[in-house]
1. Within region A:37-51, identify whether any single residue is modelled with pLDDT under 95 and touching a helix residue (DSSP H, G or I) at 6+ places or on another chain (Cβ under 6 Å), and answer yes or no.
2. Please work out which one of (1) within 14 Å of chain B (Cβ to nearest Cβ); (2) under 21 Å from the mean Cα position of the chain (by Cα) is the condition A:Asp362 fails and give its number.
3. Could you count how many residues in region A:218-245 are assigned to a strand (DSSP E or B) and in contact (Cβ under 8 Å) with a residue 24 or more places away in the chain?
4. Please find, within region B:104-132, the residue that is farthest from A:Asp440 (Cα to Cα) out of those that are among the hydroxyl-bearing types (Ser, Thr, Tyr) and at the interface with chain A (Cβ under 9 Å from one of its Cβ atoms).
5. Has region A:233-245 got at least one residue that is away from every other protein chain (no Cβ under 12 Å) and of a type in the set (Asp, Glu)?
6. Can you find, within region A:218-246, the residue that is farthest from the chain's Cα centre (by Cα) among those that are more than 16 Å from B:Arg104 (Cα to Cα), surrounded by fewer than 22 Cβ atoms within 10 Å (Cβ to Cβ) and among the aliphatic types (A, V, I, L, M)?
7. Test A:Val197 against the criterion of being away from chain B (no Cβ under 11 Å) and more than 16 Å from the chain's Cα centre (by Cα), and give yes or no.
8. Which ones in region A:200-225 are closer than 21 Å to A:Asp241 by Cβ, more than 12 Å from chain B (Cβ to nearest Cβ) and in contact with a strand residue (DSSP E or B) (Cβ under 6 Å, 6 or more places away or on another chain)?
Amino acid sequence: MARSSEFPHDSLLTRRGVMAGAGAGALLALTPRQAGAVLRLEITSGNVQPMPIALPDFVGGTPGDTEVSRNVTGIISNNLQRSGLFAPINPAAFTEKIVNSDAVPRFADWRVINAQALVTGRITKQGDGRLKAEFRLWDVFAGQQLDGKQYFTTPDNWRRIAHIISDAIYERLTGEKGYFDSRVVFVDETGPKDRRVKRLAIMDQDGAGVRYLTRGDDLVLTPRFNPTTQEITYMSYGQADPRVYLLNIETGQREIVGNFPGMTFAPRFSPDGQRVIMSLQQGPNSNLFVMDLRSKQTTRLTDTPAIDTAPSYSPDGRQICFESDRGGSPQIYVMPATGGAAQRISFGEGSHSTPVWSPRGDYIAFTGQARGQFSIGILKPDGQGERLLTSGFHNEGPTFAPNGRVLMFFRDPGQGPSLYTIDITGRNEQRVQTPALASDPAWSPLLS
Amino acid sequence: MIEIGKFVRGLRLAAVLAAGLAISACANQNTAGDGSGGAGGSASTPGSQQDFVVNVGDRVFFETDQTELNATGRETLEKQAQWLTRYSQYSFTIEGHADERGTREYNIALGARRAQSVRDYLVSRGINAGRMRTISYGKERPVAVCNDISCWSQNRRAVTVLSGGGA
């Protein structure tokens with residue numbers, strides 16, 4: 001995946017296992033791995049007890065590395081805590097001080113405070129200026145190392161290192177891919193409600209590193225990531241008709257998608273990043289069109305006297321879910337990616353809008369509307385298993401984390417919108433900190 | 001029980017009065033905030049933009065999730081058509097809007113439909129389609145910013161905004 005330009009030294013970001021070496025070798029000899037004894041957090045069931053995990057500050061390889069080591073540990077701890085699956089233990093309870101991350105920890109000291117997993121690590125500035133980051137993940141009760149890796153990168157990438165290590169821990173302990181090394185593009189909102197200024201902005205999934213992509217001169221809406229490049233598509237009001245645009249988030253280069261005779265909106269990329277699907281306004285009707293970004297060829301996908309909008313591809317690119325009021329109220333339909341007969345799949349109470357297909361393929365998330373309340377919900381692509389995860393006034397616009405386990409959406413109780421995350425189990429709702437009001441989040445794929 | 005019932009009714013009355021105040025507050029804001037009040041002469045100058053806004057009425061309103069014109073709306077558009085026929089130097093944009101109770105994408109389409117309803121009506125009254133363009137702002141440009149029904153009803157609108165050719 002070519003995502004290197006935001007992090008120009010990505011090519012330097014290397015990782016390799018640290019299972020080898022004296023420490024790990026000795027450990028393996030000490031505690032032969034036993035099948036079935038591996039620490040594993042089952043996250044698919046409804047009720048998850050957060051796993052107690054100990055994250056002593058990473059060791060600074062040299063005295064100058066102490067601060068970054070502590071900061072990396074803090075980000076990992078924050079990520080794991082926010083996931084709702086882990087309960088980082090208060091460091092005040094720790095009895096063993098980790099001074100050498102290669103040494104086998106005194107497991108008894110960590111069992112006493114009921115830590116099930118322990119993460120130790122070290123950050124060392126290298127002679128060539130790069131950072132070396134190492135970590136080891138320990139199963140405290142089995143007394144064995146579960147994972148160990150080291151990475152080399154430039155010092156300005158220290159946050160990403162923390163997210164990558166967080167993903168490694170998450171994946172090793174849950175068996176699912178993580179989602180921490182990812183970003184979110186959203187709409188930053190300032191000013192009064194009737195004169196709101198909206199800017200495109202991008203940040204790390206934990207809210208750090210906010211960067212603005214537009215200046216606020218033009219109204220911008222519904223940004224979406226290209227799954228394969230550093231590019232987003234969004235709707236913008238300029239001097240002429242509102243249009244769907246492409247924006248390279250590294251170069252700032254911007255272009256209009258297609259040459260349509262009217263307003264285009266609600267864009268989204270195909271999974272291969274080669275096409276943009278969107279609505280075109282034609283008189284009173286909105287129909288779905290797709291444009292191939294290389295050939296510039298456009299294809300009509302729907303032709304109905306209705307509002308067809310908010311299209312989203314299945315991860316295999318074969319189907320499209322979208323919203324249509326062809327049956328009287330906005331509902332979710334699924335059709336082949338080439339167009340053709342569409343099947344309504346939403347039959348729960350009220351209307352169903354803004355469907356978005358999970359990257360795992362197992363669910364479609366949506367905005368539900370019933371009895372004056374707006375919900376974030378999920379259902380299966382065959383329409384079964386509809387569940388509302390959160391309801392109120394006014395939730396809207398879900399987007400899936402790269403692993404399909406978490407949704408981000410925005411909520412506007414009336415004073416202005418903010419971003420939130422919630423697990424697809426409906427648990428662990430969390431506010432995402434942003435500098436100002438924020439709406440229309442879209443989660444990127446994993447960066448590495 | 002009866003006493004409580006009276007008390008509740010009293011509260012309702014107070015709420016209705018408060019809503020009335022909110023409407024007038026919002027309405028006052030409109031002329032300042034909607035870009036319709038500025039240049040173009042005073043309301044007493046026939047053929048001025050102010051004349052159109054004040055004496056004809058530049059906007060029509062819609063029921064929740066509806067795009068059909070109601071009787072009041074058709075009456076307003078009838079007057080707009082007469083005025084626009086008389087002052088044929090103006091071109092204009094019909095802006096369609098929705099209230100905030102809907103998703104962003106759907107409301108963009110809904111606002112476009114509302115603008116189209118007005119466009120179709122004016123064309124049916126003999127106004128040259130070449131003079132008009134339509135645009136939808138969805139729920140992005142509310143004129144009334146409170147968070148209840150009194151404001152929502154003002155935001156579900158289509159506004160005829162004159163441009164060019166003014167006296």
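The values are calculated or read from the model by the stated rules, or taken from the named source; none is laboratory data. What you see is a predicted model; the values in this text were computed from it and never measured. All Cβ positions, glycine included, derive from the backbone under ideal geometry; neighbour counts span all protein chains shown.
1. yes
2. Every condition holds for A:Asp362 apart from (1).
3. Here the count works out to 12.
4. The selected residue is B:Ser117.
5. No; the residues of region A:233-245 include none that is away from every other protein chain (no Cβ under 12 Å) and of a type in the set (Asp, Glu).
6. Looking at residues that are more than 16 Å from B:Arg104 (Cα to Cα), surrounded by fewer than 22 Cβ atoms within 10 Å (Cβ to Cβ) and among the aliphatic types (A, V, I, L, M), I get A:Ala240.
7. Yes; evaluated as a whole, the condition is true for this residue.
8. A:Leu200, A:Thr214, A:Gly216
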